[in-house]
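Taking it in order: structure first as structure tokens, then the write-up.
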């Protein structure tokens, strides 16, 4: 894996936005972050005219739940479902879902032994047959959901992403077979060791971030982005300051220019504190 330099110690003069992946990046293991440490950083970012964006494969409602109004302003932008849904200043700018024929094709490839949840602009869809443990896991990332009797009941819904989960992980041979069988109907991307997302072709975090930049009149060179997984690669390569976490996958590292400490070392906050120090 490449040895990457640390990000600049001081805020680049032209930087106007910071985008962060959540799991494995902004969040520690256990889905927490140092809220008291981040709150003053967020205020100083606003004072400096730098927007804060959350970019994740998770559901919009779940992402906003990490930033309650009592603790400060919501993120300026949210890119959810791997770029299929984009929110700016409380307004949805993009809602994307796969064509119904593509969804039907993808669902036909998912047998009863695979654990998954489908999500889109109207919420998520979870089969009643999933175990209680899997229900708890999947609905943590997709809190707005509806139970369905079986896979066929998801047909006809607006679906942006299908998240597959297996604690044993997914071998590359499985991903290759799945991509070949899907033949472009949906695209499999790794979102963690034990999870794979099937996403809308052409929709990823970088494409979602572009929607926000167009709205705000910013260029990619004015953005820093932090990430750790394969589904962050396009975003890390797209921006002026692509920063992989020290715990990042090889794919994320290859796409980045810089490296921050691990998520469990609060690597994002460490970099931001150097960029936005107290007055």
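The number of residues in the range 75-99 that are part of a loop (DSSP other than H, G, I, E, B), within 17 Å of residue 124 (Cα to Cα) and in contact with a strand residue (DSSP E or B) (Cβ under 9 Å, 6 or more places away or on another chain) comes to 4. Of all residues in the range 13-34, those being more than 15 Å from residue 263 (Cβ to Cβ), out of contact with any strand residue (DSSP E or B) (no Cβ under 7 Å at 6 or more places or on another chain) and in contact (Cβ under 8 Å) with a residue 12 or more places away in the chain number 1. When residue 181 is tested against (1) modelled with pLDDT under 95; (2) surrounded by fewer than 20 Cβ atoms within 10 Å (Cβ to Cβ); (3) in a strand (DSSP E or B), just one condition goes unmet, and that condition is (3).
A residue that is closer than 17 Å to residue 17 by Cα, modelled with pLDDT of 95 or more and part of a helix (DSSP H, G or I) can be found somewhere in the range 46-60.
Being in a helix (DSSP H, G or I), surrounded by 12 or more Cβ atoms within 10 Å (Cβ to Cβ) and touching a helix residue (DSSP H, G or I) at 6+ places or on another chain (Cβ under 9 Å), is that true of even one residue in the range 5-27? Scanning the range 5-27, I find no residue that is in a helix (DSSP H, G or I), surrounded by 12 or more Cβ atoms within 10 Å (Cβ to Cβ) and touching a helix residue (DSSP H, G or I) at 6+ places or on another chain (Cβ under 9 Å), so the answer is no. Screening residue 116 on (1) surrounded by 22 or more Cβ atoms within 10 Å (Cβ to Cβ); (2) more than 19 Å from residue 23 (Cβ to Cβ); (3) more than 16 Å from the chain's Cα centre (by Cα) shows it passes everything except condition (2). Give the residues of the range 130-157 that are part of a loop (DSSP other than H, G, I, E, B) and in contact with a helix residue (DSSP H, G or I) (Cβ under 9 Å, 6 or more places away or on another chain), sorted by residue number. Scanning the range 130-157 gives 130, 142, 143, 144, 155, 156, 157.
Just to be sure before I move on: is residue 110 assigned to a strand (DSSP E or B), over 21 Å from the mean Cα position of the chain (by Cα) and surrounded by fewer than 21 Cβ atoms within 10 Å (Cβ to Cβ) in the structure I sent? Criteria not met by residue 110. A single member of 233, 219, 246 is within 20 Å of residue 27 (Cα to Cα), free of Cβ contacts under 8 Å to residues at least 40 places away in the same chain and surrounded by fewer than 17 Cβ atoms within 10 Å (Cβ to Cβ), and it is 246.
The values are calculated or read from the model by the stated rules, or taken from the named source; none is laboratory data. The structure presented is a predicted model; accordingly, all values stated were derived computationally and were not measured. Reconstructed Cβ throughout: ideal geometry from the backbone, glycine too, with neighbour counts over all protein chains shown.
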